[in-house]
Each structure stands twice: as C-alpha cells, then as structure tokens.
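Peer 1: Supplied in structure tokens, the structure appears directly below.
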Ligand SMILES: CC(C)(COP(=O)(O)OP(=O)(O)OC[C@H]1O[C@@H](n2cnc3c(N)ncnc32)[C@H](O)[C@@H]1OP(=O)(O)O)[C@@H](O)C(=O)NCCC(=O)NCCS
C-alpha cells in the first residue's frame, strides 16, 4: 500500500550578506552609468560585495548555521544538504559537500542544484519531496552566490544589477494543513540564450581566447528577461494558488525573486497584491540570484513580520529559462 505523503514545512531560516556596501555612486566611478539610471530602471540603490578571499560556501555555512539554530536541531540531524548556486566554489566537488563537511552534517547526503536564479525555489521543492515521502526528516536547502566574481565590471548592462549573499532554510515535516500547500517547477530551455555564462564548461572550455573575449562573465539580454520574468511570475502565482485553493486576498506575503523593483511591482500589480504584502530588498542587495528569496524571508522572520498561519506566495525565475513557485502556510 502506498504510504501517505507527509506535509513539509520550513522550520528555520538564515541569511548572510557581506559587510562591504557598494553604492550606485561607487559604480559611477568605474563604469559609464548614473545612480539615477540604475534606480529608475531597477530600483537598486546598493549591493553587498564579497572580499576576494570569500567563496559561496563561506556564505552558505553562515546562513546554514542560523537556519539550523532556528529549527532547534543539531547539524547531525540533517539528512540532506542541497545548495542551489550559479557560483559554486569549484565545478566539482559540489559546494553542498563543502558545506556538509563544515557544518558537521555527518549523516547527510549533499548535492548542488543548478536552476539559475530559480535555484532556491527548485531546491525547496526538491528537498520537500524527500520530507513528504518520509525518506528524510530534516533537509537543509541553501541559495548562495558570489556573483561579483562572474561579473564583468566593465559591462554596465550587468555589473550594476547583481550582488552577493546567501540564504538557507531547514525543511521538515509540518502539521497537516500547513507547510508547503502547493508547488510547481517550470522550464523553457529555448530561452537559455538570454542569460548565460558562455565559457568554462564542456562546450567552450577555458582558454586564453575565452578569457580575452570575456566569456567567463554573465551575459544577459535584459529586455527579453524582463518580459519573461513578469509573465512567468504572474502565471506561476495563479497556478500554485489555484492548486492550493488559496485566493489572492488570502496571501499575507508575496516573496518574489529580487531582480528588479519594476518586475516585482508589475507582477504585484497584475496580481492585485497591495504593496504592504510584497517583500522587497533588491534596493539594498541587488539581485543575489538564488539567495534573494531566502534572504527576504529571513529578514521578515527576524523582524517578526511572519506569523503562524500566514500564507506565503514565493516565486523564482531565472536562467534556463526556469521558474518555480510555491504556496506555504507558515
Ligand atoms: C537590465 C534592465 C534594467 C535594463 O533596462 P531597460 O529599460 O530594458 O534598458 P535597455 O536594456 O533597453 O537599455 C536602454 C539603454 O540604457 C543603456 N544602459 C544599460 N545599462 C546601463 C547603465 N548601467 N547605465 C546607464 N545606461 C545603461 C543601454 O546601453 C541602452 O542604451 P542604448 O539604447 O543607447 O543602447 C532591464 O531590462 C531588466 O531589469 N531586465 C531584467 C534583468 C534581470 O532581471 N536579470 C536577472 C534575471 S534572474
């Protein structure tokens, strides 16, 4: 007889951003841009940039330890570590294995997950399957990024938009009727060309030529991504809310991927979600990719904004193209 599925919920969250603040005015000195342009097109005022010696696993470990403490468990109780990242410390071994070792999750399996900026939502949903199936009790999911290392600081179309940071969550069984109520993963690989890092993989291995041609940096067609992001966020939100049987008016907090205030506001407007329900931090951190949703969630939890029973609508989108959404009852 098939086992009954267990509800999976978030038991603890954590986040970390580097101390060093880079303002738009700082960027005016290094590229041909203006603070006014950056704010009017993206809503970003400043971002955090990691020191050269820090890698993604260093952020991940700090965010993870906060999430583990928040969940009231020890690292040895973790069964699985999933790190979603576009900037792993190395291509292999997986950053998740480095984190697993450093936090002392001695009994856990560990792997990385690549789904562009949707990575945290993908990891949350994938991780929740192990909890729902009863094969894991505690799953640690992390979004960690060191994007400053893959930005071309001479390309004003990209370098002003991104920042560094990490966020984490511990997933474990939740009471019936609470936790993740619905979720969905989406992909459209035909849009892969709009946002990518061309070299360093098996298609275009690292060479002097790839370095000379700036092919180890983020390349992006901003306009195409913008249109996709708004459409994907609205469509995914409607689908997961419908699947959960939750009305838009019952959503307490909308936690979208933080890429651009205009994308967030356009999606919220189409969903008729009022500003006080929309969590925004892209103005302070820029686009931290897989880290943006867990950082926003952690800040709201730390501030005591999210109460038991609140409905959260979380939506990510990014390179792939990928997008993913979930409705949670806290
Ligand atoms: C990138 C983005 C802010 C650009 O805004 P936009 O209104 O679409 O602007 P465009 O790309 O059309 O560029 C308009 C002009 O501004 C210029 N420009 C681009 N970046 C600039 C900058 N930092 N400072 C000043 N001018 C800039 C462009 O060169 C272009 O000039 P041109 O017309 O002379 O060529 C916007 O498209 C966006 O946010 N897209 C989504 C990106 C995203 O979210 N990516 C991550 C997904 S996870």
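The values are calculated or read from the model by the stated rules, or taken from the named source; none is laboratory data. Small disclaimer: the values here were computed from a predicted structure and weren't measured. Note: ideal-geometry Cβ built from the backbone for every residue, glycine included; neighbour counts use all protein chains shown.
Peer 1: Tell me whether the stretch 23-42 contains one or more residues that are touching a residue at least 40 places away in the same chain (Cβ under 8 Å), in the same structural domain as residue 145 (by TED's automatic domain parsing) and under 25 Å from residue 124 (Cα atoms).
Peer 2: no
Peer 1: Just checking: which of the helices (runs of 4 or more DSSP H) contained wholly in the stretch 257-328 hold 3 or more residues that are over 21 Å from residue 235 (Cβ atoms) and out of contact with any helix residue (DSSP H, G or I) (no Cβ under 8 Å at 6 or more places or on another chain)?
Peer 2: Answer list for the stretch 257-328: 292-302.
Peer 1: Let me ask something else. Please specify each residue of the stretch 176-197 satisfying the condition of being in contact with a helix residue (DSSP H, G or I) (Cβ under 9 Å, 6 or more places away or on another chain), more than 19 Å from residue 154 (Cβ to Cβ) and in a strand (DSSP E or B).
Peer 2: Across the stretch 176-197, the qualifying residues are 179, 180, 181, 182, 183, 184, 185, 186.
Peer 1: I would also like to ask the following. When residue 243 is evaluated against the numbered criteria (1) in contact (Cβ under 8 Å) with a residue 24 or more places away in the chain; (2) closer than 22 Å to residue 183 by Cα; (3) assigned to a helix (DSSP H, G or I); (4) in contact with a helix residue (DSSP H, G or I) (Cβ under 8 Å, 6 or more places away or on another chain), which criterion, by number, is the only one it fails?
Peer 2: (4)
Peer 1: Among the residues that make up the stretch 120-142, is at least one of them within 16 Å of the ligand (Cβ to nearest atom) and either more than 12 Å from the chain's Cα centre (by Cα) or in a strand (DSSP E or B) (or both)?
Peer 2: no
Peer 1: If you take the residues in the stretch 252-263 that are buried (at least 21 other Cβ atoms within 10 Å of the Cβ) and in contact (Cβ under 8 Å) with a residue 40 or more places away in the chain, which one is farthest from the ligand (Cβ to nearest atom)?
Peer 2: Looking at residues that are buried (at least 21 other Cβ atoms within 10 Å of the Cβ) and in contact (Cβ under 8 Å) with a residue 40 or more places away in the chain, I get 253.
Peer 1: Turning to a different aspect of this structure: Would you be able to say whether some residue in the stretch 208-217 is touching a helix residue (DSSP H, G or I) at 6+ places or on another chain (Cβ under 8 Å), crowded, with 17+ Cβ neighbours inside 10 Å and in contact (Cβ under 8 Å) with a residue 24 or more places away in the chain?
Peer 2: Checked against the condition, which is being touching a helix residue (DSSP H, G or I) at 6+ places or on another chain (Cβ under 8 Å), crowded, with 17+ Cβ neighbours inside 10 Å and in contact (Cβ under 8 Å) with a residue 24 or more places away in the chain, the stretch 208-217 yields at least one hit.
Peer 1: Exactly one of these conditions fails for residue 76: (1) free of Cβ contacts under 8 Å to residues at least 40 places away in the same chain; (2) surrounded by 19 or more Cβ atoms within 10 Å (Cβ to Cβ). Give me its number.
Peer 2: (2)
Peer 1: Could you list all residues from the stretch 302-330 that are surrounded by fewer than 20 Cβ atoms within 10 Å (Cβ to Cβ) and closer than 23 Å to residue 65 by Cα?
Peer 2: The answer is 302, 303, 304, 305, 307, 308, 330.
Peer 1: Then there is this: For the stretch 1-94, give me every one of the helices (runs of 4 or more DSSP H) that falls completely inside it and has 1 or more residues that are more than 16 Å from the ligand (Cβ to nearest atom) and on the phi < 0 side of the Ramachandran plot.
Peer 2: 56-71
Peer 1: Exactly one of (1) assigned to a helix (DSSP H, G or I); (2) surrounded by 22 or more Cβ atoms within 10 Å (Cβ to Cβ) is unmet by residue 168. Its number?
Peer 2: Single failed check for residue 168: (1).
Peer 1: What number goes with the only condition from (1) closer than 30 Å to residue 105 by Cα; (2) within 12 Å of the ligand (Cβ to nearest atom) that residue 162 does not pass?
Peer 2: (1)
Peer 1: For the stretch 170-191, which positions are more than 24 Å from residue 229 (Cα to Cα) and either within 16 Å of the ligand (Cβ to nearest atom) or at pLDDT 95 or above (or both)?
Peer 2: Those that are more than 24 Å from residue 229 (Cα to Cα) and either within 16 Å of the ligand (Cβ to nearest atom) or at pLDDT 95 or above (or both): 170, 171, 172, 173, 174, 178, 179.
Peer 1: Scanning for something free of Cβ contacts under 8 Å to residues at least 24 places away in the same chain, within 16 Å of the ligand (Cβ to nearest atom) and surrounded by fewer than 24 Cβ atoms within 10 Å (Cβ to Cβ), does the stretch 281-289 turn up at least one residue?
Peer 2: yes
Peer 1: Which of the residues spanning the stretch 198-233 are within 9 Å of the ligand (Cβ to nearest atom) and in a loop (DSSP other than H, G, I, E, B)?
Peer 2: 218, 221 - these are the residues of the stretch 198-233 that are within 9 Å of the ligand (Cβ to nearest atom) and in a loop (DSSP other than H, G, I, E, B).
Peer 1: Only one of these conditions is not met by residue 184: (1) assigned by TED's automatic domain parsing to the domain that holds residue 325; (2) more than 30 Å from residue 73 (Cβ to Cβ); (3) surrounded by 16 or more Cβ atoms within 10 Å (Cβ to Cβ). Which number is it?
Peer 2: Every listed condition holds for residue 184 apart from (2).
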